[in-house]
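These notes concern the structure reproduced below.
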Amino acid sequence: MASAYTPGLTVSGDIIVHRKRRLPIKGKVLVKPGDPVTAEQVVAQALLPGPLQTIKLGEKLGVEPKDVPSNFRLKVGDAVKQGDVVAETKGLFGKLFKTTVVSDFSGTIESVSEVTGNVLVREAPIPVDVKAYIDGHISEVIEDEGAVVETRGAMVQGIFGVGGERLGTIRVAVSDPTKVLDASDIQPTDAGKILIGGAGVTYEAIIRAGEVGAMGIVAGGIKDSDLVQYLGYDIGVAITGQEAISLTILVTEGFGFLQMAARTFNLLKSLEGKVGSINGATQIRAGVIRPEVIVPLKEEVKQGIEGDQVFELKVGTPIRVIREPYFGLIGAVTGLPAQLVTVDSGTEVRVLRAKLDDGRDVTVPRANVEIIAAS
């Protein structure tokens, strides 16, 4: 029987997850292998250099650049506070016509130039903390850079998301997976919650959820126009997850109002009241990143559980199409032709045949689908 392998979209109630937590620059790792960690715990720290500010000292003193060092009171490496006197001319007869300059910035003197007459002040470094993101333990330390956090729990990956990493309590806000999450479903007590919708989420619901302080929303779909209205711009094809928004949104099925898969909804419903981590970061192209909700299990880890999954593409495998013209649609594989097929771009690729949930039989490149993995 023909078969192939492709990355899968995981919907699992029991899986081992590893998440690499890395600093943007070299810094200090605060944990060691085997350490238990909580989602909000800082596992690595670094200091980004502060911004460089300029004091136009020659101009302020009214002297030639070459005379600036002789009038400057400090030296390179000295600390300075905003309002401190940094330079003063000698004046006439001691005090007459004397010019004094104070610093507009706090920081450290980095350079004094006889060419420009300027003094450069480096402001205080900016601390960067990397948190564990999920409850678990440290499985690996990356020297000077970060660590890998391992946990066992439930995980639901989505097809698209926006917003960064947040922590919240799961609450199912609709009665079944066919319902659309609306503003009337949002409660004043939903602060700190990850709200589970059904077939979609309205713009009004997103705004209301942000107003009450919800951490995230998970729904089957979202209208593209609502997303653009909420963000204030078209998301395009870039990686998401860095948006300046007050909550994280994850959709499991695609754009529009699409019923959430029953097994996904039932899994999330079984997690109600538990604390989970949500991340909307999405990248479809090379280096695939999936938006996700992870809920660590508190029970003792069973022996012999497999942490890695192998996703086999074969007849009957449930798949989701991740490219147009069938983007977001779910179906099952009905055939895996061995021969290569020439597509519109002129490239020869391997394809598969699938029956979509709407009844259509389609042929798509294998690279344009992902397996929906469930356990």
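The lone criterion from (1) assigned by TED's automatic domain parsing to the domain that holds residue 42; (2) among the acidic types (Asp, Glu); (3) modelled with pLDDT under 95 left unmet by residue 114 is number (1).
Quick check on my filter: what residues within the stretch 116-142 are buried (at least 16 other Cβ atoms within 10 Å of the Cβ), of a type outside the set (Asp, Glu) and outside any strand (DSSP E or B)? Residues satisfying the conditions are 116, 117, 118, 132, 133, 134. Kindly indicate whether any position in the stretch 62-72 is more than 30 Å from residue 154 (Cα to Cα), under 46 Å from the mean Cα position of the chain (by Cα), crowded, with 16+ Cβ neighbours inside 10 Å and not assigned by TED's automatic domain parsing to the domain that holds residue 151. Within the stretch 62-72 (the criterion being more than 30 Å from residue 154 (Cα to Cα), under 46 Å from the mean Cα position of the chain (by Cα), crowded, with 16+ Cβ neighbours inside 10 Å and not assigned by TED's automatic domain parsing to the domain that holds residue 151), the answer is no, since none of the residues qualifies.
Just to be sure before I move on: is residue 323 in a loop (DSSP other than H, G, I, E, B) and among the basic types (Lys, Arg) in the structure I sent? Yes; evaluated as a whole, the condition is true for this residue. Within the stretch 176-199, the only residue that satisfies the criterion of being small (Gly, Ala, Ser), in a loop (DSSP other than H, G, I, E, B) and farther than 21 Å from residue 295 by Cβ is 199. Would you tally the residues in the stretch 289-333 being of a type in the set (D, E, K, R) and at pLDDT below 75? Here the count works out to 7.
Only one entry in 286, 281 is assigned by TED's automatic domain parsing to the domain that holds residue 152, of a type in the set (A, V, I, L, M) and at pLDDT below 90, namely 286.
What strands (runs of 3 or more DSSP E) lie completely within the stretch 1-81 and have 1 or more residues being modelled with pLDDT under 90? Filter on the stretch 1-81 gives 8-22.
When residue 212 is tested against (1) of a type in the set (A, V, I, L, M); (2) in contact with a helix residue (DSSP H, G or I) (Cβ under 6 Å, 6 or more places away or on another chain); (3) farther than 28 Å from residue 371 by Cα; (4) surrounded by 22 or more Cβ atoms within 10 Å (Cβ to Cβ), exactly one condition is not met: (4).
Based on what the data block shows, is residue 145 closer than 30 Å to residue 368 by Cβ, among the charged types (D, E, K, R) and surrounded by 14 or more Cβ atoms within 10 Å (Cβ to Cβ)?
Values: closer than 30 Å to residue 368 by Cβ: no; among the charged types (D, E, K, R): yes; surrounded by 14 or more Cβ atoms within 10 Å (Cβ to Cβ): yes.
Considered against the rule, which asks whether it is closer than 30 Å to residue 368 by Cβ, among the charged types (D, E, K, R) and surrounded by 14 or more Cβ atoms within 10 Å (Cβ to Cβ), residue 145 comes out as no.
Of the listed requirements (1) in contact (Cβ under 8 Å) with a residue 40 or more places away in the chain; (2) touching a Ser or Thr at 6+ places or on another chain (Cβ under 7 Å); (3) under 26 Å from residue 47 (Cα atoms), residue 61 misses just one: (3). For the stretch 87-107, does any single residue satisfy the condition of being under 24 Å from residue 166 (Cβ atoms) and either among the acidic types (Asp, Glu) or at pLDDT 95 or above (or both)? No, the stretch 87-107 has no match at all.
Kindly evaluate residue 202 against the criterion of being at pLDDT 95 or above, of a type in the set (S, T, N, Q), over 23 Å from residue 277 (Cβ atoms) and buried (at least 16 other Cβ atoms within 10 Å of the Cβ). Talk me through it step by step, then tell me what you get.
On the way: at pLDDT 95 or above: yes; of a type in the set (S, T, N, Q): yes; over 23 Å from residue 277 (Cβ atoms): yes; buried (at least 16 other Cβ atoms within 10 Å of the Cβ): yes.
It is true that residue 202 is at pLDDT 95 or above, of a type in the set (S, T, N, Q), over 23 Å from residue 277 (Cβ atoms) and buried (at least 16 other Cβ atoms within 10 Å of the Cβ).
This table checks each residue for (1) in contact with a Ser or Thr (Cβ under 8 Å, 6 or more places away or on another chain); (2) surrounded by fewer than 20 Cβ atoms within 10 Å (Cβ to Cβ); (3) of a type in the set (A, V, I, L, M, F, W, C).
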| residue | (1), (2), (3) |
| --- | --- |
| 153 | no, no, no |
| 157 | yes, no, no |
| 168 | no, no, no |
| 173 | no, no, yes |
| 181 | yes, no, yes |
| 189 | no, yes, no |
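Looking only at residues of the stretch 226-241 that are assigned to a helix (DSSP H, G or I) and in contact (Cβ under 8 Å) with a residue 12 or more places away in the chain, we find that the one that is nearest to the chain's Cα centre (by Cα) is 231.
Within the stretch 7-28, residues that are assigned by TED's automatic domain parsing to the domain that holds residue 141 sit with their Cβ atoms under 7 Å from residues that are basic (Lys, Arg), at 6+ positions apart or across chains, in these pairs: 9/290; 9/320; 11/263; 16/152.
Okay, residues lined up against (1) β-branched (Val, Ile, Thr); (2) on the phi > 0 side of the Ramachandran plot:
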{"residue": "14", "(1), (2)": "no, no"}
{"residue": "23", "(1), (2)": "no, no"}
{"residue": "68", "(1), (2)": "yes, no"}
{"residue": "77", "(1), (2)": "no, yes"}
{"residue": "81", "(1), (2)": "no, no"}
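The values are calculated or read from the model by the stated rules, or taken from the named source; none is laboratory data. Everything numeric here is computed off the predicted structure, so don't read it as measured data. Using ideal geometry, Cβ is built from the backbone for each residue, glycine included, and neighbour counts are taken over all protein chains shown.
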